Amino acid sequence: MSYRPGLDATFAALADPTRRAILARLATGEASVGELAAPFAMSQPAISKHLKVLEKAGLVSRGRDAQRRPVRVRAQPLAEANAWLEAYRQTLEANFQRLDALLDELKTTQGR
Amino acid sequence: MAQDKLTVATQGDREVVFTRAFAAPRDLVFDCMTKPDLVKRWLLGPPGWTMPVCEIDLRVGGKFRYVWRNQDGRDMGMAGVYREIAAPERIVHNEVFDDDWTGGETTVTSTLTEAGGRTTLTTLVIYANEAARKGALVSGMTDGMEMGYARLDALLETV
């Protein structure tokens with residue numbers, strides 16, 4: 001899997017626990033900034049800052065409704081980030097499996 | 001014998017510990033980690049990448065340099081310096097990627113313990129600071145269950 005530059009923004013956005021919690025909340029359905037701020041000990045402007053990071057990373061979008069501007073989660077960047085994460089772990093494990101095979105070969109050739 | 005699964009755990013503010021067991025005596029594992037001809041055969045990265053450069057000067061203060069290359073000819077390099085060597089049980093080195101995607105130099109301590117013909121490799125990675133570790137972890141140094149990613153998995157099922 002090739003590394004897409006946009007993933008950096010995705011991972012940076014996901015590195016913050018508040019932003020992950022916001023995404024988890026949005027997974028249950030769209031919400032306004034006020035609704036999102038309610039469970040957190042945070043002001044609406046602070047939540048808005050987090051939303052801007054998420055929006056820039058393409059992880060959420062804002063509705064057009066001028067009053068409410070509901071926030072929605074966008075699936076694709078998340079799916080890409082998750083796929084890359086899993087690919088990385090598999091890469092580490094693939095290295096170690098190659099090492100397993102190499103060790104077996106060395107044990108055989110060295111008669112151990 | 002089945003191999004132990006790769007485990008990943010965070011420790012303190014800026015450390016990550018990987019462990020993995022191998023069905024081999026530790027001097028063989030040590031050789032595979034320190035002899036270029038052997039390192040090049042397993043430390044390869046994603047499918048399609050090769051390791052055209054693997055230079056190792058295995059002494060305290062000695063340098064190593066790794067370069068990986070993909071099918072498109074793109075290179076990714078890493079270099080470091082050995083700080084402690086106690087063959088075949090312990091190596092401490094510093095390392096940094098050429099494009100520094102981990103946010104500074106990391107210190108890596110590799111410890112090999114042998115029991116019953118099996119060797120456990122414990123790799124302690126100390127990042128420059130908490131932010132660098134966070135960046136590395138979310139860039140895929142862990143398996144989705146760490147750092148609250150269980151929630152993301154649940155999220156992905158719903159979207």
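Just a few scattered comments:
- Among B:85, A:47, sorting on how many other beta-carbon atoms sit within 10 Å of each Cβ, with the fewest leading, yields B:85, A:47.
- With a threshold of 30 Å on the Cα-Cα distance, the over-threshold entries among A:56/B:40; A:56/B:63; B:5/B:40; B:5/B:35 are A:56/B:40; A:56/B:63.
- Separation in nanometres of the label points that stand 7 Å from Cα toward Cβ, at residue B:40 and residue B:86: 3.2
Every number here is computed from the coordinates shown, using simple stated rules; none is lab data. A quick note: this is a predicted structure, and the numbers were derived from the prediction, not measured. All Cβ positions, glycine included, derive from the backbone under ideal geometry; neighbour counts span all protein chains shown.
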